[in-house]
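The values are calculated or read from the model by the stated rules, or taken from the named source; none is laboratory data. Quantities reported herein were computed from a predicted structural model and do not represent experimental measurements. Methodologically, a virtual Cβ is constructed for each residue, glycine included, from the backbone with ideal geometry; neighbour enumeration extends over all protein chains shown. Heavy atoms of the whole protein, side chains included, go into the accessibility calculation; ligands, DNA and RNA do not. Shrake-Rupley method; radii C 1.70, N 1.55, O 1.52, S 1.80 Å.
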Amino acid sequence: MRQADLGEKLATARAALRALPAYALQGRLAALSGLAVEVTGLAGHASIGDRLHLLARDGTEIPAEIIGFRAGRAQAMAFAALDGLGPGSPAIAHPAHPDLTKAGVMDRGGGRLAVGDAWLGRVLDPLGRPLDGRGAPGHDGTAPRPVRPAPPPATARARLGERLDFGVRALNCFATCRCGQRLGLFAGSGVGKSTLLAMLAKGTACDVAVLALVGERGREVREFLEDELGAAGLARAVVIVATSDAPPLLRREAAYAAMTVAEHFRDQGKSVLLLMDSVTRFCLALREIALSAGEPPATRGYPPSVFAELPRLLERAGPGLQPAAPQRPGFITALFTVLVEGDDHNEPVADAVRGILDGHVVLDRRIAEAGRYPAVDVLRSLSRSMPGCNTAEETALIADARAVLALHAEMADLIRLGAWKPGADPALDRAVALAPGIEAVLRQGRAEHSDIAEGFHRLAAALHPQAAD
């Protein structure tokens, strides 16, 4: 045999060996109760978070994850429906699956995604599978990223960056945000939350936008992508979707996957905008998983593990590690929506999220019913980094506008009843005269873009109409 032929055969053999799984463990389904299955035969070889593949009767592989252990059995939950499974069905665990690894989807040794720049403009499920009718997304050949890494060390992170232009006057002026900041968007249903998110995705001065639609209504996904986000917004975005009918494990994974995609671009030194709708549905998925594993309910039915997991997710957003000069650090500026049940802003999830994040934006139903969009209640919204990024003149302008709006809101009922008499209180006279102009500044159309400078200029004109004339 010629030396060249022998070398070619050896290279082929090496490639075939590398493609083989390093090892494979096979257990059996012993019980199925509710959303969880119990698997025997993995004792001593499996741990929390390991991925399995359950084999249905027709040979279909159903991806699953180990969520707990009970009496020597592994408890697992599937990423898909459990149809076709029964006692004795095989459960296979091994570190790599040829089909999934080839597609760059998932490393079977744990939750991993092979994120690449080719993901831009794509709509994907939490396992990286395409939902937009196109082929599997490519990647740049880098190793798959874990979907649940630890947040960057607090003392090694970069500081917040310069202030970020959202393109929305109400946020730019009254909740000014810096690159790498994390805000909560607190809203009930039907107050214009999706429209505001689309305005942010299209108008924010960032390099990449990552959207996580967690537990979204299936009917609204296509409407949001086509009518609200549009082709221009999608071109620089990655959208991760798990609709309300998806299993809880897939809904939970949507939040992890979106954060992983954002971390990929942040580590390239880019400014990333992460919009997650909603963290409440993420917590509901965590609750379903924990209750299925036998964890006892606590606060309003939420097991303790839900509130332990929240900061692990939310703390991953923000600035990346401080690079060596002169490299620029990357940032994840994140807005997490919170669905307040019955407009109760003190319910457990809202209260926990508010204590973790760097500020909150409140959408008010009464403002929406009055026809002013976006329905941001600027008096109840707060950005904790705003004093450090605005000029003294801008800070004074905002304080004056807040005082005018607060006084007008406090005396609104008396004004309607006719108890206000012009000239009796100069401060109230000024509030009555100026409040409509400030409200006009806060009103903004969905297709309208307004930068920070324009927003403060219009606000100054509303507060000092004589100077503007």
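So here's what we get for this one:
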read-out	value
Unit charges on C-beta of K, R, D, E only; dipole of the chain, Debye	1180 debye
Over the chain: helical MRE at 222 nm, DSSP H runs n ≥ 4 each giving -39500 (n - 2.57), nearest 500	-10500 deg cm²/dmol
Per-pair calculated FRET efficiency, R0 = 25 Å: A406 and H457 via Cβ, rounded to 0.05	0.65
Rounded to the nearest 20 debye, dipole of segment 412-458 from Cβ charges on Lys, Arg, Asp, Glu	140 debye
Electrostatic dipole magnitude of segment 314-469 [Cβ: Lys, Arg +1; Asp, Glu -1; Cα centre; debye, to 20]	220 debye
Length-normalised contact order for segment 202-339 - Cα pairs under 8 Å, 6+ apart - percent	29 percent
Where Cα atoms sit under 27 Å apart: lysine pairs in the chain separated by 8 or more or lying on different chains	4
Accessible area of segment 9-84 belonging to carbon and sulfur atoms, whole % at 1.4 Å probe	56 percent
Segment 143-274, accessible surface, carbon-and-sulfur percent (1.4 angstrom probe)	50 percent
Residue-wise HN-Hα coupling along segment 119-134, computed from phi with Karplus coefficients 6.51, -1.76, 1.60 (Hz; x: Gly, Pro)	6, 4, x, 10, 10, 10, 8, x, 9, x, 8, x, 10, 9, x, 9
Where the chain is the region considered: accessible area per residue in Å², 1.4 Å probe	44 Å²
At 0.890 mPa s and 25 °C, Stokes diffusion of segment 328-442 via Kirkwood alpha-carbon radius, µm² per second	147 µm²/s
Rg ratio (alpha-carbon, reference 2.2 N^0.38 Å) - the chain	1.14
Total formal charge among the other residues, if their Cβ is under 10 angstrom from that of G49, Lys/Arg +1 and Asp/Glu -1	0
Residues in segment 50-76 reached by a label modelled at T40 [backbone nitrogen below 11 Å; 7 Å Cα→Cβ]	73
Computed E for R28/Q327 - FRET, C-beta separation, R0 51 angstrom, nearest 0.05	0.50
Listed residues A392, V123, L25: farthest to the positive end of the dipole of the chain (Cβ charges)	L25
Average projection area in nm² (convex hull over Cα atoms of segment 37-93, one quarter of hull surface)	3.4 nm²
Net charge, P248 excluded, C-beta distance under 14 Å - Lys, Arg +1, Asp, Glu -1	-2
Residues D117 and T155, FRET efficiency given R0 of 25 Å [Cβ-Cβ distance, rounded to 0.05]	0.25
Antiparallel bridge percentage (DSSP; both residues within the chain; nearest 5)	55 percent
Normalised contact order of the chain, rounded percent, pairs of Cα under 8 Å and 6 or more residues apart	15 percent
